[in-house]
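Engineer: Can you read through this structure? Questions will come right after.
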Amino acid sequence: MIGVLAAIGAPVLAGLAAIGRLARFAAAAVAALLRPPWYPGQLAQQMLIIGWLSLPVVGLTAIFTGSALAQQIFIGGSRFNAAATVPAVTVIGVVRELGPVLGGLMVAGRVASAMAAELGTMRVTEQIDALVTLRTDPFRWLVAPRLLAAVLVMPALVLVSNALGVMGGWLLATQRLGFNSAQYLATTARYLQIDDVVSSLVKAAVFGFFIALMGCYHGYHSGGGAAGVGRATTNAVVSSFILILLSNLIITVIVFGS
């Protein structure tokens, strides 16, 4: 009996310890954001890397997804004589869910892995230790700019993702499914509500926080040479995906659950 309890308790305690370490890391990163000195140059560089360089992959994903969603809604709606719902369901599905979630996942795959690899390499080559020796706080120089940049840039990326996703559905519906362009756009505007956009932007900011947090956390605490950096990169992406999907569910239930 004691052996069974020990087998169950060991991973539970290890998980709680990991959550505690992550919470302390997040608290230290947020505290570094609130106290000077600040490094606007680092912030601008990270905003460029996270935002502008992620735009092509986010945009292409949104266009393809919006088009595929419109096609599937048309096929399903045709079975119940409800094909006219394509504009309304497409804009709601893209703005509420697919735009922020798929945009967050694509950015996580690109940015969280890059952050973990960069910070992990700095850790194993003792560059982070060198910063401490030079009396430079690694949290203020490395973590805080990445965290703030991701939180600021992700809503803009998701706005673009939403717009391109709706455009992808509009293109397919008007060019292939026989919808009238003016009527499609009018229906889209009629069914899009401000709450949908606000919830999408809130999700984007939360996703950005988790993406940067996971990338920095796993990279900062990596070790064991190149293999350790590889594990940190993988863990950063996987944990970012899990937190994005979990937080998306929580925000959706809170905003639209009533």
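What follows draws every value from the coordinates through simple rules; no lab data is involved. All values derive from a computational prediction rather than experimental measurement. Here the Cβ positions follow ideal geometry from the backbone for every residue, glycine too, while neighbour counts run over all protein chains shown.
Engineer: Using a Förster distance of 30 angstrom, determine the FRET efficiency expected from the C-beta separation of residue 193 and residue 64, and round it to 0.05.
Structural biologist: Working: r = 25 Å, r/R0 = 0.84.
FRET efficiency, residue 193 to residue 64: 0.75.
Engineer: Roughly how tilted is helix 225-256, in degrees to the nearest 10 and between 0 and 90, from the longest Cα axis of the chain?
Structural biologist: Taking Cα atoms only, the helix is inclined about 50 degrees.
Engineer: On to the next question. Nearest 500 deg cm²/dmol is fine: what mean residue ellipticity at 222 nm does the chain get from its DSSP H runs of n ≥ 4 alone, each adding -39,500 (n - 2.57), divided by its residue count?
Structural biologist: Numbers: 11 runs with 206 residues, N = 258.
Theoretical 222 nm ellipticity from helices: -27000 deg cm²/dmol.
Engineer: Taking every pair of Cα atoms in the stretch 67-164, average 1/r, invert it to obtain the Kirkwood radius, and report Rg/Rh to two decimals.
Structural biologist: Numbers: Rg = 21.0 Å, Rh = 16.5 Å.
My calculation puts Rg/Rh at 1.27.
Engineer: If you don't mind, there's one more thing I want to ask. In whole Hz, what ³J(HN,Hα) sequence does the stretch 53-64 give by Karplus (6.51, -1.76, 1.60; θ = phi - 60°), x for Gly and Pro?
Structural biologist: For the stretch 53-64, the Karplus-derived couplings read 6, 8, 4, x, 5, 5, x, 5, 4, 5, 4, 5 Hz, x marking Gly and Pro.
Engineer: Run the simple label-point estimate for residue 8 and residue 238 please: 7 Å along Cα→C-beta, distance reported in nm.
Structural biologist: 2.4 nm
Engineer: Oh, and also: With the chain treated as a Gaussian network of Cα nodes joined by springs under 10 Å, which of 117, 156, 130 yields the largest mean-square fluctuation?
Structural biologist: Taking springs between Cα atoms under 10 Å, the residue moving most is 130.
Engineer: Obtain the nm distance between the two label points defined at residue 183 and residue 52 by a simple spin-label model: each point lies 7 Å from its Cα along the Cα-to-C-beta direction.
Structural biologist: Simple spin-label model gives 4.4 nm for this pair.
Engineer: On to the next question. Grab the beta carbon distance between residue 35 and residue 130, set R0 = 30 Å, and tell me the FRET efficiency rounded to 0.05. The partial results should precede the final answer.
Structural biologist: On the way: r = 22 Å, r/R0 = 0.73.
Once rounded, the FRET efficiency stands at 0.85.
Engineer: Right, next: Taking the chain as the region of interest, what is the percent of Cα-Cα pairs per 10 angstrom bin, listed from the shortest bin to the one with the maximum distance?
Structural biologist: 7, 26, 28, 19, 12, 6, 1, 0
Engineer: Taking every pair of alpha-carbon atoms in the stretch 158-255, what share in percent sits in each 10 Å bin, from 0 to the bin with the longest distance?
Structural biologist: The percentages, shortest bin first, are 14, 30, 24, 19, 10, 3.
Engineer: Also, quick follow-up: Among 100, 145, 40, determine the one that fluctuates most according to a GNM of the chain built with springs between C-alpha atoms less than 10 Å apart.
Structural biologist: Checking each option, the largest mean-square fluctuation is seen for 40.
Engineer: Net charge within 15 Å of residue 132 by Cβ-Cβ distance, Lys/Arg positive one each and Asp/Glu negative one each, not counting residue 132 itself?
Structural biologist: Details: positive: 123, 135, 140; negative: 126, 129, 137.
Local charge sum for residue 132: 0.
Engineer: Which of 93, 228, 178 moves the most in a Gaussian network model of the chain with Cα springs under 10 Å?
Structural biologist: Top of the fluctuation ranking is 178.
Engineer: Nearest 10 degrees is fine. How inclined is helix 181-191 to the longest principal axis of the chain, computing both from alpha carbons?
Structural biologist: Result, in degrees: 60.
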